[in-house]
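The structure appears right after this line, and notes come after that.
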Amino acid sequence: MEKLKMLTPNLVNDNIEKIKQIFPDCITEHIGGQTEFAVDFDKLRQELSSNVVEGNEERYQFIWPGKKQSIITANAPISKTLRPCREESVDFDNTENLYIEGDNLDVLKLLREDYLGKVKMIYIDPPYNTGNDFVYEDNFAQSADDYIENSGQQDDVGNHLVANTENNGRFHTDWLNMIYPRLKVARDFLSDDGIIFVSIDEHEAANCKKILEEIYGCGNFVGTIVLQTATDNNPGQIKIQHEYILCVAKNKKLAGNWFADKEETKLIQKEYLSLKKQYGNNPTVIQKHLREWIKKNEKNLEGITQYDNVDEKGVYHDGDIANTTFGGYEYEIIHPVTGKVCKMPEKGYRFPKETMDRMIKENNVLFGKDETTLPKPKKRLEDAKDLLRSVIYEDGRASTKRFEKLMSRDIFQNPKSETIIGRLINFICKDDDLVLDFFAGSSTTAEAVFMNNVKNKHLKFILIQIPEDIDSSLLTASPKTKKTMANAIKFLDSIHKPHLITEIGKERIRRAGKLYTDEVQDKHSDSSGEELHPLDVGFRVLKVDSSNMKDVYYKPSEVTNDLFVNTEDNIKEDRTDEDLLFQVMLELAVPLSAKIRPEEICGRKVMVVDDNYLIACFDKDITDEVVTDIAKRKPQYFVMRDSSAMDDSVITNFETIFQTYSKDTVRKIL
């Protein structure tokens, strides 16, 4: 059996191994405490260029103090784990959603192997670096000491990070060193056609764009969305009423074109079907009543009130048949009533004759009363698609009001709009796609996923948020923010929760889950026999902690004289079987949302993951009978503790049993 490493991968070693496969002559040895492989970059540069780019030669590059260290930080392994927290979760055993508490860089490293290439969309709203405390989420500040305790981050000379005010000589540098490794690691999560959106304001928009282009490649930058809001972020000079959402693809060529169904079309279609049921197949009468209804509801139908014509096939509006420039298609169209040739546009038709003939045959062309009027194409309601535009308007006060209605008044400043994030998700994601947000804040992204799932989608989310202590943050907050934090503390006291920002996020998911579950049930009660769409509004809570293994597991050189007393068992005493299982799932790249089924085999507890894909047994006194039963199930992986066997004979017979019943099972021990 193999021992599990229980350590995140060393990406430097992985990268060196990849280079070794292509350029074996560029690999050398480096002695630094112990001999290890390294890359001879002089040779590698020569392999990659007929003209060597020397170190001092001028070239285009984006550099800042500490950048090299931030790359090392991104690649460095950690010996931490994620511990499940059932009591704070919702529908732990069935949900596919995850809410993870901890420093997001640690969490990203822990999740990397499990979710490599599996995330369709990342949305993040990182700190804007507006001159408040360096480490914060939206307007909640966290003291430097608290952050050090949580993440151990220091500057490049070992000093603790402090308030990142604009007179700090490292004002931009500190922010860049924070965001770079997180964006670098996050790239590995995206599927080949995956997309990342980053909300940012003018303080770091230019720098953030450069980082994204460096990590993803300039050719994969899709564009910038300007989010116009009613907020005034610079009242003394230019009134700033916008933020940015930077959009980058993992591979722009594979990202495809983005279209989404217009929500307003569903309202018109519903009214049309109601009128058709009431008045039968009478287009003239239905059209009259539909136009009256559209006029009354035009505020809810912004941009598509032109869909007010009705024929035997349904609702449509007339489009433009003329080509936009000279050189369009020229041919004759016969008017169906007069039998004469219709007037042709000055610049020709925009459709070829074959297409036009098909459109006429399918009743998708609108003719005038005679041949003197240009024919027009019928644009059908069901074909109406929304496009993702570079300017989006969102009243920030409206999203705040929706948040306060769901939660409480003034407990979180400027929460992001669930409708905006939901719209982005609607353009990018299809059924079963996964959305990641590693600056979760108030958990807007979770609500946006629920909003899309109400539309008969099945999307999943992973949210990551550091558990910032609101009490400690009060010390460095502005007067306005202190008031908000005081309200947040009162709110958390009212629901009997600790004063952590993560508790606000989790409570929002719970309440949003109930809100959208009720919406689905109401929709079902109004429908005629429509099947109720199951809505996953649960989430598994996981928390970053030190490894389940005792330090001697990683540092045998640091053992002391009481080794045998303290390491009779290599597992920490306060860790449960489920704690061990989740660290094993991380090690073996099993999704942390996988179904877990506890069972008993010959009186011993086992945990079956993902229908026998992984079986783990951490109970004591495991016998040959237990091992045989498990082997007969032919799992992909089997994991047990090295101290679990009843006696030496079980260890001796272990391999023989699996060779007999399931030789392909990968066997691991802790």
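As a rough footprinting exposure proxy, the listed residues Phe37, Phe618, Phe658 were ranked by other beta carbons within 10 Å of their own, and the order from fewest upward is Phe37, Phe658, Phe618.
Extension gain for Arg380-Glu332 works out to 14.8 nm (0.36 nm per residue, less the C-alpha to C-alpha distance). Multiplying the residue separation of Thr284 and Val226 by 0.36 nm and subtracting their alpha-carbon distance yields 16.6 nm.
Shown for Glu204, Glu371, Glu263: other C-beta atoms within 10 Å of each C-beta, ranked fewest to most, produce the order Glu263, Glu371, Glu204. Classified by the C-alpha gyration tensor, segment 559-669 has an oblate form. Its axis ratio a/c, with a ≥ b ≥ c, is 1.5 or above, and a/b does not exceed b/c. The distance linking segment 395-416 with segment 68-118 is 28 Å (Cα centroid to Cα centroid, whole angstrom).
Could you give the distance between the Cα centres of segment 476-501 and segment 574-644, to the whole Å? Cα centres, segment 476-501 to segment 574-644: 42 Å.
The overall shape of segment 447-495, judged from the alpha-carbon gyration tensor, is prolate: a/c is not under 1.5, and a/b is greater than b/c. Pairs exceeding a 28 Å alpha-carbon distance, out of Lys543/Lys632; Lys343/Lys385; Lys120/Lys209; Lys313/Lys353: Lys543/Lys632; Lys343/Lys385.
Just so you know, all these numbers are worked out from the coordinates, no wet-lab data involved. Please read these numbers as outputs of a predicted model, since none were measured by experiment. So basically every Cβ, Gly included, is an ideal-geometry build from the backbone, and we count neighbours across all protein chains shown.
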